[in-house]
Amino acid sequence: MHDMTDPERQLVEWLADMNEDDAVDLAKRMLLEEGADPLRVLELCRAGMDIVGKRFEEGEYFLPELVLAGEMLETVGAIAKPLIRHAPGEEPKKLGRVLIGTVHGDLHDIGKNIVSFMLDINGFEVKDIGVDVPVQTFLKEIDAYKPDVIGLSGFLTLAFDAMKETIAAIDGAGLRGHAKIMIGGGQIDETVRSYTGADAFGTNAVDAVSLCKRWVGVAA
Amino acid sequence: MTDLIQTPEAKAAFDARWQRVMDCVALRQPDRMPIGMQPTFWLAKYGGISCKQLMYDYEATKAIAERAVLEFEPDVHSPLVLATASGNALEAIGFKQLNWPGHGVGDDQPYQYIDREYMKPEEYDEFLFDPTGFYLQKYLPRVAGAFEGFEDLPSLPGLHYFRLVGGIRAFAKPSVRAALEKVIKAAEEVERFAAHHAAFTQRMTALGFPVSYTTTSVSPYDFIADYFRGATGMMKDLFRNKDKLLELLDKASVFLLRHAVAGAQASGNPVVFIPVHWAPDAFMSPKQFETFWWPSFRRMLIGLIDAGLIPMPMWEADCTKRLEVIRDVPPGKCIYWFERTDMVRAFEVLGDVVALRGNLSPSLMTTGTPDEVDAAVRHLAENVFHKGGRLILDCAFGIPDETPVANVRAMFDAARKYGG
């Protein structure tokens, strides 16, 4: 986004710098008092999130900044979306579809949620099917959603077997097709990747974004 | 199980095992590399029972735990009954922060903590002003069903003279009476649970096997993040409620320290085990770590050391970038247990300050072969212990539940083969 006015540039900067109060106040003023186009404000939010994502990838930002960025996006989105009067223009084309869930037996979701958020702000369409997801649910969702990438998350060591079982079932049902499978979580390493038959593993959200970008043919 | 008297042979074995660990703490060379054993639900696999049975059947748990200790002969074992046989106590207290086998998760699955916002952001002031009142009227009923009814208790500070006399009327309310009765029943169950733990520990002592620790604690940051604000709530507080959070971290460090000192001194075992959840490199920036996480925890460590105790934080995940910061403790007083941090790197940075513990990886233990376990133990023995690192060999965070028994045998065999 090059052609920004000064207040627009200010909004992007405050969002990117975690200046929540000022960013939300400014967005509210633009939307509720100055009659700004809500689609334009959402576009500015995206621009702010792009910077947040880059700073995370570069090791300047960590999980707390991603969480707060997600909150700011939600707050501004909740004000902007009801104000959209005309049909939105053509949505930017998504890079690909990612289906993600925590495997059965495991109730952890923080890592998965962060990965979903990072994929979303990096241009992927993400369907998050929750935690403790039974194998059959994965199969049904994959069949319906036709993802390019399937992400299996898990924090506990019991997830190793649950991931292996889920991947074997995906293969067995003939649903793997062109889709790639990535696994992630605090205990995941190359040994687990090899054990489960996944295509790749990651231990953080940056890994997940890089893998997905590589797999859909976009430079990471 | 009957009470045993410790024989002179058992006493000598007990003393030798404990000395091995204490030599490591004091940064002295022990006679050989000590080995720690910390299983939780692995005992169910080892004993051929379900995780649910392990949680509810005190006698079965003690029998299996004893068999494991006698087979592997660790230098120190974890409090095996406390870690697993809490099912009856949790039921009695109506504990809401955990799903456990037969209660929220399957009979053969481990317990899992339920991350939620147990304190709202606007409640910082209330907690800070009157922690006990906040506990009684707000926190306890939220986290444990037995306390439901305590909401109706009066606010105690301020009661005086005839207001004090009148103020206790609330204790006669049906809701408060019912809660008090439930809490008393729960406490009786916890008494039984604690008695089984004590009996097991005494029996192991009589047989020559020291328990690694019996007191656990928590860092102030993790205490607030895990048990009050929830993971995402806490991360938002770093921006939205920074000053109140810092104030509560200071306050929590005082009462957490008091608890840990009292518990460890009463138990007679000086080691305080502190699982560390929120310190990993990926979880916050170095600046956030040094602002929010480390200062209040360091004060706790120093307080424990000053009380003659031995803090044993278990640094979960990868904490490589924290090593230089957490080095700032008096030498020869702590055991740092690392999960995923490279142990050779930890030894290079911390070898002259703390004893080390760990860290065979969970993926190796659960999916690897005994030969691979042997090689991993050899790597740690050669590159840490024999180079002067005071290493207590163990798994990354205890024996993973799914570990084949052959891999545990390989771990102990290799530690004796290479750790002499």
Item to check | Debye, to nearest 20: dipole size of chain B, +1 on Lys, Arg Cβ, -1 on Asp, Glu Cβ | outcome: 680
Checklist entry - Share of Cα-Cα pairs in region B:68-117 beyond 17 Å, in percent? => result 47
Checklist entry - Hey, how many Å between the Cα centroid of region B:239-283 and the Cα centroid of region B:62-96? => result 24
Next on the checklist: With +1 assigned to the C-beta of every Lys and Arg and -1 to the C-beta of every Asp and Glu, and no other charges, what is the dipole magnitude of region A:138-220 about the Cα centre in debye, to the nearest 20?
Outcome noted: 220
Checklist entry - Considering every Cα-Cα pair within region A:156-220, what fraction, in whole percent, is farther apart than 20 Å? => result 29
Next on the checklist: Only counting other Cβ atoms within 10 Å, I'd like B:338, B:273, B:95, B:200 sorted with the fewest neighbours first.
Outcome noted: B:95, B:273, B:200, B:338
Next on the checklist: For region B:295-420, place one equal point scatterer on every Cα, skip the solvent, and apply the Debye formula. What is log10 of I(q)/I(0) at q = 0.09, 0.12, 0.16 Å⁻¹?
Outcome noted: -0.26, -0.45, -0.76
Item to check | chain A: translational diffusion in µm²/s, Stokes-Einstein, Kirkwood Rh over Cα pairs, 20 °C, 1.002 mPa s | outcome: 116
Checklist outcome for this item: With the dipole of chain A defined by +1 on each Lys or Arg Cβ and -1 on each Asp or Glu Cβ, the option from A:153, A:123, A:196 whose Cα lies farthest towards the positive pole is A:196
Checklist entry - Using only helices, what value at 222 nm comes out for the protein assembly as shown when you add -39,500 (n - 2.57) per DSSP H run of length 4 or more and divide by the total residues, to the nearest 500 deg cm²/dmol? => result -15500 deg cm²/dmol
Checklist entry - Can you tell which of B:277, B:78, A:107 lies farthest toward the positive end of the dipole of the protein assembly as shown, using +1 and -1 charges on the Cβ of basic and acidic side chains (Lys, Arg; Asp, Glu)? => result B:78
Item to check | B:301, B:393 arranged by Cβ crowding within 10 Å, fewest neighbours leading | outcome: B:301, B:393
Checklist outcome for this item: By the Cα gyration tensor axes a ≥ b ≥ c (a/c under 1.5 gives rounded; else a/b larger than b/c gives prolate, otherwise oblate), the shape of region A:65-133 is prolate
Next on the checklist: Given R₀ = 51 Å, what would the calculated FRET efficiency be for residue B:259 paired with residue A:129, taking r from the Cβ atoms and rounding to 0.05?
Outcome noted: 0.80
Checklist outcome for this item: Dipole check, region A:6-83, charges on Cβ (K,R +1; D,E -1), about Cα centroid: among A:35, A:51, A:69 the Cα furthest to the positive pole belongs to A:35
Checklist entry - Taking a quarter of the surface of the convex hull around the Cα atoms of chain B, what do you get in nm²? => result 21.0
Item to check | the protein assembly as shown - share of DSSP beta bridges that are antiparallel (%, nearest 5) | outcome: 10
Next on the checklist: At a threshold of 8 angstrom on Cα-Cα distance, excluding pairs fewer than six apart, so keeping six or more, what relative contact order does region A:97-215 reach in percent?
Outcome noted: 29
Checklist entry - Rounded to a whole number, what is D in µm²/s for the protein assembly as shown from Stokes-Einstein with the Kirkwood radius over alpha-carbon pairs (37 °C, 0.692 mPa s)? => result 122
Checklist entry - Given +1 on the Cβ of Lys and Arg, -1 on the Cβ of Asp and Glu, and no further charges, what dipole in debye does the protein assembly as shown carry about its Cα centre, rounded to the nearest 20? => result 1160
Checklist entry - Shape of region A:6-83 from its Cα gyration tensor (a ≥ b ≥ c, root eigenvalues): rounded if a/c is under 1.5, otherwise prolate when a/b > b/c, or oblate? => result prolate
Checklist entry - Over what distance in Å are the Cα centres of region B:11-39 and region A:20-99 separated? => result 56
Next on the checklist: Cut-off is 10 Å between beta-carbons; in what order do B:235, A:4 appear when sorted fewest neighbours first?
Outcome noted: A:4, B:235
Item to check | More than 26 Å apart - percent of Cα-Cα pairs taken over region A:97-215 | outcome: 5
Checklist entry - Viscosity 1.002 mPa s, temperature 20 °C: Stokes-Einstein D of region B:57-167 from its Kirkwood Cα radius, in µm² per second? => result 123
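Quick note: the coordinates plus some simple rules give every number you see, no bench work behind them. Bear in mind the structure is a predicted one, so any value in this text is a computation, not a measurement. Because the Cβ atoms are built from the backbone with ideal geometry, glycine has one as well, and the counts that use them run over all protein chains shown.
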